[in-house]
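Here is the structure we will look at, set down as structure tokens.
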Amino acid sequence: MHEAREIARAFLIESEVDYQISQLLSGTEYHSRTIYFVQQAVEKIVKACLSLKNIRTVDHNLSALFAAVYQENFSNMDDLVRGIDSLERHGARVRFPLFQRPDLPIWIPSRSYTDGDAGRAMRTGEAVFGALKAYLDQALAGPDAAPQPGPPPTGRLPSR
């Protein structure tokens, strides 16, 4: 079994990649994908925190579990939980058309989310990501910390 800190670092690395992608997409016409990637970044950074406490889950709705486990660690827990929950509510909605109700038009995420929706999600994600990254950076920088890999590559998305 892998060590908790090693798993947390792996989740943190992937969270940082998703967060960078959300930043690249922010301000473009890809509002639903901006929201998707910032939500994924937050989900993975929450899983990194949970991994430090030896909690492994494949669940995607983590706000209540995070609050229960980390209540004593964050003075702004209510704000963090609201932010995590608000991003979790987008769920699969940002990626898949919804067509189950014949009395409603088909929901097409890439045509339905707005710049305002993406901006709100980014501000929420930035606040949650920033707070949890600061916590993880400190928690993972102990004397027995393994050397950290470099940051993920940066750059612009290719033009279409």
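The values are calculated or read from the model by the stated rules, or taken from the named source; none is laboratory data. Note that this is a predicted model, so its numbers are computed, not measured. Cβ sites come from the backbone with ideal geometry, for glycine too, and all protein chains shown count toward neighbours. In case anyone asks, the SASA skips ligands and DNA or RNA and just uses the protein heavy atoms, side chains included. Shrake-Rupley method; radii C 1.70, N 1.55, O 1.52, S 1.80 Å.
Structure above, values below:
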quantity: Solvent-accessible surface ranking, highest first, for 96, 11, 74 at 1.4 angstrom; calculated: 96, 11, 74
quantity: Computed helical MRE - 222 nm, the chain, DSSP H runs ≥ 4 contributing -39500 (n - 2.57), nearest 500; calculated: -19000 deg cm²/dmol
quantity: Structure-derived semi-axes √(5λ) of the Cα gyration tensor in Å: which label, when the choices are (i) 29, 19, 14; (ii) 53, 20, 11; (iii) 24, 17, 17; calculated: (i)
quantity: Solvent-accessible area per residue, Å², over the stretch 1-72 with all protein chains present [probe radius 1.4 Å]; calculated: 47
quantity: Mean separation of Cα contacts under 8 Å (6+ apart) over length of the chain, as relative contact order %; calculated: 30
quantity: Carbon/sulfur fraction of accessible area - the chain, other protein chains in place, 1.4 Å, %; calculated: 55
quantity: Computed label-point distance, nm, for sites residue 75 and residue 111 using a 7 Å Cα→Cβ extension; calculated: 4.9
quantity: Angle between the chain longest axis and helix 115-139 axis [Cα atoms, degrees, rounded to 10]; calculated: 10
